[in-house]
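I have placed the structure first, in the form of structure tokens, so that the comments after it can refer back to it.
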Amino acid sequence: MTKYLEESTDTVRSKRNIGKLIIIATYLIIYAIAMILFWCVADGSDAMGNSLLIFYFVLPITTFVLSILISINDYWGKWKWLSTVIFGVMYTLAEYATFKFANTFAFGNFHSLSLTLWLIGAIISLTGLGIGTLVRKHTRKKRMKCTNP
């Protein structure tokens, strides 16, 4: 019995670690594709459409959905709230790595990082974490009602 519990605990821990890895890899792959599209695929006439698609749809939706999944699965425990800072920084760096860097490269103007963009990314993530927490607590209450008649 003890051996079975150890094996099942290891299996659960392994699945949780794989889930965490999938979350991180998904975000980084989508982020990298967005940067590659900006620098390699889009030309000057496509830059505005590309930025609208990336900054107003792809990255915010990805941040929101992954934040919900982080919270529902309670990845990283109380440390999951730190992901709001990380998502905020990544959102800011996306704009800096595209338009700000292109402007600096073209005209020699140096631009500082935007606190506003960090706040937008953090709020999107915080909203997703909040919704995920509510869903997790609601499903936990539902399960407890089912098991305790």
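The values are calculated or read from the model by the stated rules, or taken from the named source; none is laboratory data. What you are looking at is a predicted structure, and each value in this text was computed from that prediction instead of being measured. Virtual Cβ from ideal backbone geometry, glycine too; neighbours counted across all protein chains shown. Each accessible area value is taken on the protein alone, full model and side chains, heavy atoms only, with ligands, DNA and RNA left out. Shrake-Rupley method; radii C 1.70, N 1.55, O 1.52, S 1.80 Å.
Things to note:
- Test: residue in region 39-49 that is open to solvent by 60 Å² or more (accessible area, probe 1.4 Å), β-branched (Val, Ile, Thr) and at pLDDT below 85: yes
- Of the helices (runs of 4 or more DSSP H) lying entirely inside region 50-149, those carrying at least 3 residues that are more than 23 Å from ALA34 (Cβ to Cβ) and open to solvent by less than 90 Å² (accessible area, probe 1.4 Å) are 115-147.
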